[in-house]
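Q: Handing you this structure, nothing more for now.
The values are calculated or read from the model by the stated rules, or taken from the named source; none is laboratory data. It should be emphasised that the depicted structure is a prediction, and the values quoted were computed from it without experimental measurement. Cβ: placed from backbone, ideal geometry, glycine included. Neighbour counts: every protein chain shown.
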Amino acid sequence: MVQLWELVSAGVFLAVALVSGNNLSACVGTAIGSGVVSRRFGTALGVAGYVVGLLAQGSSMAAAAQALLPHQSDFTASAALFITVAIFIFGIAARVPLSLTMSLVGALAGISVAGRLPLNHAFALTVVTTWFLAPVLAIVATFMLFRVLSTFKPKDVWLTVRIYKALLIGLSFFTAYTLGANTLGLVVAIGAFSPLNISLAVSAAVIGPIYFSRAQLRRVGRDFFSLRYSNALVTLLASTVLVEVATLFAIPLSNTQTLSAGIFGAGVSYRHKYFSSRSFFVVVASWVAAPLLGFAIGLIL
């Protein structure tokens with residue numbers, strides 16, 4: 001007979017594998033889309049960032065898990081994880097970019113309300129407020145940064161290109177680091193930071209990008225617009241800083257949310273490039289749908 005703790009560990013593995021694979025595009029897609037790194041090198045870079053971020057800073061998300069699901073048990077933890085995995089798989093099948101972070105937070109809140117647990121309403125309000133403010137900040141930051149960079153006229157073009165490439169590689173790694181610390185950290189925190197769950201999460205962070213990232217890597221670099229080095233640089237910088245700040249305050253924040261908003265800001269600022277606003281607004285709609293769907297299922301079940 002399967003034990004509840006085994007279901008929790010299975011939920012941790014599945015959730016980490018899916019989000020690490022699907023969200024690889026949010027970490028290294030800009031570098032790949034702009035031609036700085038190959039897909040193989042970008043995948044390895046993303047995996048390294050995931051693992052380092054999870055191990056170095058992931059435990060900080062335990063406070064968020066406790067605030068959203070007080071007095072959690074193996075039953076409530078496994079329920080939250082498998083609800084989130086089901087929503088995430090549905091999103092992939094329907095080709096709707098539903099955020100695992102936002103779905104998980106919604107499921108935790110729904111289970112807490114249904115179980116009449118002492119949900120930290122002030123923290124929940126802070127999370128929702130952050131979800132509204134972060135995309136706005138990402139759009140404004142990338143718009144302004146790109147405008148500043150567009151006025152810069154380098155004397156040595158090739159040296160500037162090499163600097164851009166080095167910065168993009170570093171920022172791609174750090175973006176994966178913040179996803180490992182924030183999103184993957186929250187997933188493991190739901191199941192508890194035991195040696196078994198940490199080992200499973202690390203294994204899943206390696207397996208996920210290998211098997212689940214191929215179809216998603218094209219979204220960031222191609223569905224929005226063809227990224228130049230400066231576009232990719234300001235987008236990654238804004239997204240990474242916002243998620244890292246959120247992690248320092250133990251606030252769950254989706255990398256794909258900040259990155260998509262940043263790409264929108266960069267796209268608007270670059271007037272002569274094609275930008276697919278339809279793709280962006282599909283993503284925006286998913287930001288609303290994911291937590292509400294997670295909350296509704298958690299509340300019902």
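Q: List pairs: first in the range 67-82 and within 14 Å of Gly110 (Cβ to Cβ) and of a type in the set (Phe, Trp, Tyr), second modelled with pLDDT of 90 or more and assigned to a helix (DSSP H, G or I), Cβ under 7 Å, 6+ apart or cross-chain?
A: Note: pairs meeting the criteria are Phe82/Gly11.
Okay, residues lined up against (1) among the polar types (S, T, N, Q); (2) over 24 Å from Leu236 (Cβ atoms):
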site: Leu98; (1), (2): no, no
site: Gly106; (1), (2): no, yes
site: Gly115; (1), (2): no, yes
site: Thr126; (1), (2): yes, yes
site: Ala138; (1), (2): no, no
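Q: With respect to Ala65, is the statement that it is over 17 Å from the mean Cα position of the chain (by Cα) and at pLDDT below 95 true? Even if it seems obvious, please write down each step before you answer.
A: Numbers: over 17 Å from the mean Cα position of the chain (by Cα): no; at pLDDT below 95: yes.
No.
Q: Considering each of Leu242, Leu259, Leu301 in turn, give the residue that is within 27 Å of Val37 (Cβ to Cβ) and modelled with pLDDT under 90.
A: Details: Leu242 fails: modelled with pLDDT under 90; Leu301 fails: within 27 Å of Val37 (Cβ to Cβ).
Criteria check complete, one pass: Leu259.
Q: Moving to a separate point now. Pairs please, first residue from the range 146-170 and free of Cβ contacts under 8 Å to residues at least 12 places away in the same chain, second anywhere and exposed (fewer than 14 other Cβ atoms within 10 Å of the Cβ), Cβ atoms under 8 Å, 6+ apart in sequence or on different chains.
A: From the range 146-170, the pairs are Thr160/Pro154.
Q: Can you tell me how many residues in the range 7-23 are in a helix (DSSP H, G or I), surrounded by 24 or more Cβ atoms within 10 Å (Cβ to Cβ) and among the polar types (S, T, N, Q)?
A: Residues meeting the conditions: 2.
Q: Here's another thing I want to ask about it. Among the listed residues Ala15, Ala26, Ala56, identify the single one that is closer than 30 Å to Val234 by Cβ and under 16 Å from the mean Cα position of the chain (by Cα). I'd like the intermediate steps shown before the answer.
A: Numbers: Ala15 fails: closer than 30 Å to Val234 by Cβ; Ala56 fails: under 16 Å from the mean Cα position of the chain (by Cα).
None of the other options fit; the residue is Ala26.
Q: While we're here: Consider Val140 carefully, then state whether it is closer than 24 Å to Leu248 by Cα and of a type in the set (Val, Ile, Thr).
A: Details: closer than 24 Å to Leu248 by Cα: yes; of a type in the set (Val, Ile, Thr): yes.
Criteria met by Val140.
Q: Can I ask one more? Would you list the helices (runs of 4 or more DSSP H) that sit entirely within the range 105-204 and hold 3 or more residues that are of a type in the set (Ser, Thr, Tyr) and surrounded by 23 or more Cβ atoms within 10 Å (Cβ to Cβ)? It would help to see each step written out before you state the result.
A: Values: elements: 121-150, 157-179, 185-191.
Counting at least 3 such residues, we get 157-179.
Q: Could you please give the count of residues in the range 49-70 that are farther than 30 Å from Leu171 by Cβ and in contact with a Pro (Cβ under 8 Å, 6 or more places away or on another chain)?
A: 1
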